[in-house]
Amino acid sequence: MAKSITLQDKALRKMLAHVLKHHKSDCIGVLLGSRTEDSFTVTDCVPLFHDRVYTSSLEAAFNAIQWTYADSTIIGVYDAPLKYKSGEAIPFTSLAVNIAEQIKLTREIPDSLAISVRAPPPKDEEDDDEPKTKEITDE
C-alpha cells in the first residue's frame with residue numbers, strides 16, 4: 001500500500017534553501033514530523049551537511065536534534081545528490097539510504113521516509129573567484 005506524504009511549507013522552504021545555497025555539494029538533512037500507518041506528515045526539517053559526513057558528526061547531530069526538537073519526531077532524511085556529468089540525477093545516495101535504515105532501527109518504527117530533492121542551480125551563478133560580499137565605499 002502506497003503511503004501519502006504531506007510536506008508543510010516550513011519544511012519545504014528549509015530543504016530548498018539548503019539545496020539552493022549549497023547547489024555544488026551533496027546536501028543531507030533530517031525530516032521531523034509524524035507518521036501513521038498510511039501517511040507521513042513532514043512538519044519541519046533540520047539541514048545537516050553539505051560536505052563530507054562522518055559518523056561522529058552524524059551521531060552528535062542526531063543527539064542535538066533530539067534535545068533541541070524534543071517535541072518532534074525524526075521520521076526520515078532528505079538528500080540532494082549532485083548530478084552525474086551526463087546530467088542524470090541519482091535518486092538517493094547510499095548514505096541517505098543507510099541513515100533512513102538507522103532511523104527505522106533506532107526509533108523502532110516500521111518505516112522511515114527518504115526524500116530526494118532536485119532543484120536547478122541559480123541561472124546567474126557568479127564566478128567562484130569573486131567574493132560573495134562586496135565592500136561599500138564612498139567612492
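The table below lists the values:
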item: Potential extension, SER94-SER25 segment - 0.36 nm per residue separation minus Cα distance; result: 23.3 nm
item: Region 1-53, relative contact order [Cα under 8 Å, separation at least 6], %; result: 45 percent
item: Residue order, fewest to most beta carbons within 10 Å, for HIS18, HIS23; result: HIS23, HIS18
item: Near-label residues of region 20-43 by backbone N, under 19 Å of a point 7 Å along Cα→Cβ of ALA60; result: 28-30
item: Per-peptide average of other Cβ atoms within 10 Å, ordering 63-70, 25-32 highest first; result: 25-32, 63-70
item: Amide H contacts of VAL117 (H built 1.01 Å from N, under 5 Å, at least 5 apart or other chain); result: ASP79, ALA80
item: Simple label model, 7 Å out from Cα along Cβ direction - THR36 to TYR69, nm; result: 2.1 nm
item: Extension gain (nm, one decimal) between ASP44 and SER116, 0.36 nm per residue minus Cα-Cα; result: 24.4 nm
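Taken together, the values in this text are just the output of simple stated rules run on the coordinates, not laboratory data. Given the structure is predicted, the values throughout are model-derived calculations rather than measurements. For neighbour counting, all protein chains shown are included, and Cβ atoms are generated from backbone atoms with ideal geometry for every residue, glycine included.
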